[in-house]
Amino acid sequence: MKKVLIIEDEMYVRELYERVIKQAGFEVITAQDGLSGLEATQDKPNLILLDIMLPGLNGIQVLQRLKQDSSTREIPVLLLTNLGQESIIKEALNLGASGYLMKVRVSPYQIVAHVKEFLQNPNFKLEPDPKSFD
């Protein structure tokens, strides 16, 4: 069974994504901050959904560490955030994020569709919508 790691500090959002992704037939691991998210990669997820605004290590710092570590470098990382600063989004994509979604602009079921896309094709890239930028 494919595993998805959700690194999200907002409990309601984390539990919502966990529920819909589990209903779609995937195993889900969750973490509420960057450091516990990095530790959770020991469970070998096939995809990581990563918020940018996190306590402790932020999502950009987590992404940097993931892409520098040979054991996690190849795991696709999809950013799910409400942060729309173009410079941060471009930095994350340059660091190796596979895509970027604004939480307020996608339904949980659209997120599941993207999860399926990434799990079927780990090399898939989701280009950001320029309208997402603040």
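Being free of Cβ contacts under 8 Å to residues at least 40 places away in the same chain and not in a helix (DSSP H, G or I): is that true of residue 37 here? No; evaluated as a whole, the condition is false for this residue. Within the range 91-104, the set of residues being charged (D, E, K, R) and closer than 18 Å to residue 68 by Cα comprises 91 only. Against the criterion of being open to solvent by less than 40 Å² (accessible area, probe 1.4 Å), without any contact (Cβ under 8 Å) to a residue 60 or more places away in the chain and outside any loop (DSSP other than H, G, I, E, B), residue 14 qualifies.
The values are calculated or read from the model by the stated rules, or taken from the named source; none is laboratory data. Note that the coordinates shown come from a computational prediction; the quantities given were computed from them, not determined experimentally. For neighbour counting, all protein chains shown are included, and Cβ atoms are generated from backbone atoms with ideal geometry for every residue, glycine included. The accessibility values were calculated without ligands, DNA or RNA, using every heavy atom of the protein model including side chains. Shrake-Rupley method; radii C 1.70, N 1.55, O 1.52, S 1.80 Å.
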